[in-house]
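Below you'll find the structure, written out as structure tokens, and then a few comments.
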Amino acid sequence: MVTEPNHGYSRLSSFNSYKNQAEHKKLESLAFILNSHKNQAERKKLESLAFILNRQGYRLVGNHSAVKTCGWTRNRLLHKRPCYKSKFYGIESHRCIQMTPSVSWCQHRCVFCWRPVEHTIGPDITVELDEPGFIVEESIKSQRKLLSGYWGEKDRVSRQEMEEAYNPKHAAISLAGEPTTYPYIDELIKEFHKRDMTTFLVTNGQNPERLDGVKPTQLYLSLIAYDKDLYKKINNPMLKDGWERLNESIEIFSDSRSRKVVRITLVRGYNLENPGKFKDTILNADPDFIEPKGYVHVGYSRKRLERSDMPSFDEVMEFSRILCNETGYEIISHSKDSKVALLSKNPPSLENYLF
Ligand code: SF4
């Protein structure tokens, strides 16, 4: 059941300075989010978060979702440089929607996260839930609005590319927050598939009960820690049983019928130094692919980590070589720009996996 927002502008008197339509549109969804929050503290948090998101180019969708143009979508349109997932999995970066159905709800506050995790509302979505179909439709509309400025780049972006970008073929469900916090995540994925779109779902493994039902084209599990102490230090969990939930998810993940990828974000002084210690976790998760990827010193992570905590590409490759020796996986590709390697269980040629 999707309800029309009741535009509580009155609560937003300080916003009256915004005259143009676009700002009003954004504030409309902001107003609705605020109105549905009786809890003062939470409303305060959301107010500041929504401004941060606004400034960062997020477009809020309904009560709890958001879309944001990925830097690589921009790079692909303007400079013909796609993201590493284009090389690894055949993604068309200019036809990709980067979105989330849970913009400010997550169970982790990872030290390396570029998002403003300090403003995370909580581990459960506390506003009225939107329908999956509504979220998908509005996300596509928002993507088109976000990309509308590129029509003006006639010298660099062809009409055909813009028409393709306006008809997205892929949804990266990973923008912010934890997507599986949205209870209808499986229906949301089906709605994208109904529109002949592929889906990548990235999860932190904190909602194992929801992981069981989902079937995205590709399922990413973020595995950053090999034991409970490191988990507490690097993922900074909000839930007491976070480590147990993650391990339950690893089991469910290993049986998933989607293509399974484990993403290991590498941070110096945390997990970069011990590739061998990931052996058991990896073998239990049994992924088709592993992506060891170097932490990048950007966004809000700069408040928590130093530039020197970023591994170099060579260190990522060395970590990957040792992990392969331990697990029997093989390095089949890499991207120096994105400081990431692609490890495969039994190295098929990538053609078998490209869309
Ligand atoms: S797949 Fe990810 S990196 Fe590539 S364009 Fe989409 S959101 Fe960006």
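Scanning the range 90-121 for residues that are more than 15 Å from the chain's Cα centre (by Cα) and either surrounded by fewer than 22 Cβ atoms within 10 Å (Cβ to Cβ) or aromatic (Phe, Trp, Tyr) (or both) turns up GLY90, GLU92, ARG95, VAL111, GLU118, HIS119. The residue pairs whose first member lies in the range 270-297 and is of a type in the set (A, V, I, L, M, F, W, C), whose second member is modelled with pLDDT of 95 or more and surrounded by fewer than 18 Cβ atoms within 10 Å (Cβ to Cβ), and whose beta carbons are closer than 6 Å, counting only pairs six or more residues apart or on different chains, are ALA285/SER254.
Does ASN325 satisfy the condition of being surrounded by fewer than 19 Cβ atoms within 10 Å (Cβ to Cβ), of a type outside the set (D, E, K, R), assigned to a helix (DSSP H, G or I) and out of contact with any helix residue (DSSP H, G or I) (no Cβ under 6 Å at 6 or more places or on another chain)?
Working: surrounded by fewer than 19 Cβ atoms within 10 Å (Cβ to Cβ): yes; of a type outside the set (D, E, K, R): yes; assigned to a helix (DSSP H, G or I): yes; out of contact with any helix residue (DSSP H, G or I) (no Cβ under 6 Å at 6 or more places or on another chain): yes.
So ASN325 passes the test.
If you go through the range 98-116 and keep only what is among the aliphatic types (A, V, I, L, M), closer than 16 Å to ARG59 by Cα and assigned to a loop (DSSP other than H, G, I, E, B), you end up with just VAL103. Among what's in the range 157-197 and is open to solvent by 10 Å² or more (accessible area, probe 1.4 Å) and of a type in the set (Gly, Ala, Ser), pick the residue that is farthest from the ligand (Cβ to nearest atom). Ranking the qualifying residues of the range 157-197, first place goes to SER158. Evaluate the range 289-296: report whether one residue or more is in a loop (DSSP other than H, G, I, E, B) and open to solvent by less than 10 Å² (accessible area, probe 1.4 Å). Yes: one or more hits. Of everything in the range 46-74, what is in contact with a strand residue (DSSP E or B) (Cβ under 9 Å, 6 or more places away or on another chain), in a helix (DSSP H, G or I) and more than 15 Å from the ligand (Cβ to nearest atom)? Give them in sequence order. Listed by number, the residues that qualify are ALA50, LEU53, ASN54. Only a single criterion out of (1) within 14 Å of VAL61 (Cβ to Cβ); (2) open to solvent by 10 Å² or more (accessible area, probe 1.4 Å) is not satisfied by GLN143, namely (2). Here is a list of conditions, (1) surrounded by 22 or more Cβ atoms within 10 Å (Cβ to Cβ); (2) out of contact with any Cys (no Cβ under 9 Å at 6 or more places or on another chain); (3) more than 21 Å from GLY71 (Cβ to Cβ), and PRO208 meets all of them except one; can you say which number that is? PRO208 satisfies every listed condition except (1).
Only residues that are closer than 27 Å to GLY152 by Cα, surrounded by fewer than 20 Cβ atoms within 10 Å (Cβ to Cβ) and more than 9 Å from the ligand (Cβ to nearest atom) were counted across the range 75-89, and they come to 4.
The values are calculated or read from the model by the stated rules, or taken from the named source; none is laboratory data. Fair warning: this is a prediction, and the values are worked out from it, not measured in the lab. Every residue, glycine as well, gets a Cβ built from its backbone with ideal geometry; the counts of neighbours run over all protein chains shown. Just so you know, the surface numbers come from the protein's heavy atoms only, side chains and all, with ligands and any DNA or RNA stripped out. Shrake-Rupley method; radii C 1.70, N 1.55, O 1.52, S 1.80 Å.
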